[in-house]
Amino acid sequence: MSVDFRDTITIGAPATVAGEIMKAVQEWPSWTASVSRVERPGTGPLAVGETVVVEQPKLRPATWTVTKVDAHGFEWASASVPGVRNVGGHWAIDNGDGTCTAELTLSFAGPLARVITLFYSKLIRAYIRMEAEGLRTAAEARAQER
């Protein structure tokens, strides 16, 4: 059984622009208050198999491993909390009119998933919303620069 969180937001920028911003994970603290620090040992494009440590306010650092990546986003997984496996998705879907819809997902699976989400669901929803709003602002600003 899993517990899933999802947020979508329409962005006035192409999906490739939103995808670039999402995949530049080391830059997240500059556009979302939900992430305080990112440690990415790799350089260049985000790649499958790469591990990234993400620190967020009020939470323990989490190590994420990239499992999928393409021009419009990526997915990664973490097992930083014993008894819980997380999968986070960050995707931009092209709307065909120069805009895109970003879809941010976070699922919790494992024997302690229900307990963890019971205590943290309000914070999880707030952080996903912060990320969506910050992404929209960053992507629209970058699209204006081009």
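The values are calculated or read from the model by the stated rules, or taken from the named source; none is laboratory data. What you see is a predicted model; the values in this text were computed from it and never measured. Note: ideal-geometry Cβ built from the backbone for every residue, glycine included; neighbour counts use all protein chains shown.
Quick one: which residue in Glu75, Glu55 is modelled with pLDDT of 95 or more, surrounded by 15 or more Cβ atoms within 10 Å (Cβ to Cβ) and of a type in the set (D, E, K, R)? Result of the check over Glu75, Glu55: Glu75.
Please determine whether any residue of the stretch 22-34 is closer than 27 Å to Arg114 by Cβ and not acidic (Asp, Glu). Yes, the conditions are met somewhere in the stretch 22-34. Within the stretch 132-145, is there a residue that is out of contact with any strand residue (DSSP E or B) (no Cβ under 8 Å at 6 or more places or on another chain) and more than 19 Å from Glu27 (Cβ to Cβ)? No, that holds for no residue.
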